[in-house]
Amino acid sequence: MPVYNQASTVLAAADSILNQTFKDFIFYIVNDLSTDDSVQILLAAAQQDKRIKLITNQHHLGLTKSLNKALRQINTPYIARMDADDIALPARFQKQLQFLDTHPQIMLLGTAAYLINESGKQIGLKRHPSDHNHLRSQVLKYCPFIHPTWMFRRSILQEIGDYNEAFPFSQDYELVLRIVRRFQTANLPEPLLKYRVDSSQAISLKNLKMQEWLALKARFLALTRYGYHISETWKLIKPLLSFLVPVSIKRLIYRQFYWR
């Protein structure tokens, strides 16, 4: 879980992980040189729960490099993602692990999520396709996984590498495109996370145009380097048209069609 100036939400996010029904894990938290009270909150939490391994960057690295910094320290067979403004439901780890243990062919597993706003009020539900064939057919159109719901097998990183540090945003989508091309994936239809959207801290709004541009770049890499067939180029039409929509209109579209 990377953290950068999220003092208002980080304690609830951390507690939701520490209070999982599955208890046997190491909780890597990367403090990306926060300047607010996040540091004091994390230090206090680490003193109270020895499962927390707090990593403090000497310089502000951004999300992608912070994620990689944690990944390079992990040697457990499974890795789960979390964001510092979301809330994991108590049985999230238990249910994802049970599914992965009984479906050894699945290498990356996401879940559905309840959507919450800045104040934590539930405003919707987001559920993506569950089976790999459907996910593979849709992945060039959009990212059919919610990043902070991911649980995946560490072994895939040995074959495809970690997050691409040329992508300060849309790093999850670029990695997903590499994963889905080579491995079986799935989503649990049950919501196991409260996912904060429509927030002043949401990266997807603060840097929306850059995020969309990098997502288009990721699709280009998929078609030219990652083994996706050129016949799928038509799937980029809608994302390209979406990129041309002004941000002021995009928020209205998200509220009407995505955050519900």
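The values are calculated or read from the model by the stated rules, or taken from the named source; none is laboratory data. A quick note: this is a predicted structure, and the numbers were derived from the prediction, not measured. Reconstructed Cβ throughout: ideal geometry from the backbone, glycine too, with neighbour counts over all protein chains shown. Side chains are part of the model used for accessible areas, which takes the heavy atoms of the whole protein and leaves out ligands, DNA and RNA. Shrake-Rupley method; radii C 1.70, N 1.55, O 1.52, S 1.80 Å.
Quick one: Cα centre-to-centre distance for region 39-68 and region 84-121, in angstrom?
Here the answer is 21 Å between Cα centres.
Just to be sure I understand the model, the point goes 7 Å from the Cα along the line to the Cβ. What's the resulting Gln105 to Leu252 distance in nm?
Between Gln105 and Leu252, the label points sit 4.6 nm apart.
Ignoring any ligand, DNA or RNA, what whole percent of the accessible area of region 82-214 comes from carbon and sulfur when the probe is 1.4 angstrom? Don't skip to the end; give the middle numbers.
Values: 2610 of 5210 Å².
About 50 percent, which is the carbon plus sulfur part of the accessible surface.
Each residue of region 68-77 in turn: what ³J(HN,Hα) in whole Hz from Karplus with 6.51, -1.76, 1.60 and θ = phi - 60°, glycine and Pro shown as x?
Along region 68-77, the couplings run 5, 4, 6, 4, 6, 9, 8, 10, 7, x Hz.
Over the chain, give the accessible area per residue in Å² for a 1.4 Å probe, as an integer.
Result: 48 Å² of accessible area for each residue.
Which value, in debye to the nearest 20, gives the size of the charge dipole of region 16-158 about its Cα centre, when Lys and Arg are +1 and Asp and Glu are -1 at the Cβ? Before the final figure, lay out the partial values.
Numbers: 17 positive and 11 negative charges, 100 e Å.
It comes to approximately 480 debye.
Please report the Cα spread of region 92-135 along all three principal axes, rounded to whole Å, starting with the longest.
Ordered largest first, region 92-135 gives principal extents of 38, 25, 10 Å.
In percent, what relative contact order does the chain have, based on Cα pairs under 8 Å that are 6 or more apart in sequence? Working shown, then result.
Values: 433 pairs, mean separation 54.6, N = 260.
Normalised by residue count, the contact order of the chain is 21 percent.
What is the extension gain from Asp15 to Asp131, computed as 0.36 nm multiplied by their sequence separation minus the C-alpha to C-alpha distance, in nm to one decimal? Each step should come with its number before you reach the end.
Values: separation 116, 0.36 × 116 = 41.76 nm, distance 3.07 nm.
Full extension of this stretch gives 38.7 nm more.
Which length gain, in nm to one decimal place, applies between Gln73 and Gln138 when the Cα-Cα distance is subtracted from 0.36 nm times their residue separation?
On the way: separation 65, 0.36 × 65 = 23.40 nm, distance 3.24 nm.
Difference between extended and current length: 20.2 nm.
Could you pull out every one of the lysines with an alpha carbon less than 23 Å from that of Lys141, ignoring same-chain neighbours closer than 8 positions?
Lys126, Lys206, Lys209, Lys217, Lys235, Lys238, Lys250
Restricting things to alpha carbons, tell me how big region 69-192 is in terms of Rg and Dmax, in Å.
14.1, 40
I want to verify the translational diffusion coefficient of the chain in µm²/s; compute it with Stokes-Einstein, Rh as the Kirkwood radius over Cα pairs, at 10 °C and 1.306 mPa s.
Details: Rh = 18.8 Å.
Estimated via Stokes-Einstein, D reaches 84 µm²/s.
Given H placed on each backbone N at 1.01 Å, which residues far from Lys53 in sequence or on other chains put an amide H within less than 5 Å of it?
Placed amide hydrogens put Phe27, Tyr28, Ile29 under 5 Å from Lys53.
Tell me, what is the FRET efficiency for Ser155 and Gln58 to the nearest 0.05, using R0 = 25 angstrom and their Cβ-Cβ distance as r? Don't jump to the answer; show the numbers that get you there.
Numbers: r = 30 Å, r/R0 = 1.20.
E(calc), rounded to 0.05, equals 0.25.
Grab the DSSP H runs of the chain that are 4 residues or longer, score each as -39,500 (n - 2.57), total them, divide by all residues and round the 222 nm result to the nearest 500 deg cm²/dmol. Before the final figure, lay out each step's value.
Numbers: 11 runs with 100 residues, N = 260.
Calculated from helices alone, the mean residue ellipticity at 222 nm is -11000 deg cm²/dmol.
Can you list the aspartates and glutamates whose alpha carbon is less than 20 Å from that of Lys194, not counting same-chain residues fewer than 8 positions off?
Asp15, Asp83, Asp85, Asp86, Glu118, Asp172
What fraction of the Cα pairs in region 1-133, stated in percent, has a spacing above 17 angstrom? All intermediate terms of the calculation are to be shown ahead of the outcome.
On the way: 5499 of 8778 pairs.
Tail of P(r) above 17 Å: 63 percent of Cα pairs.
Starting from a Cα-only point model with no solvent, please compute log10 I(q)/I(0) by Debye for region 97-167 at q = 0.22 1/Å.
Debye intensities relative to I(0), on a log10 scale: -1.16.
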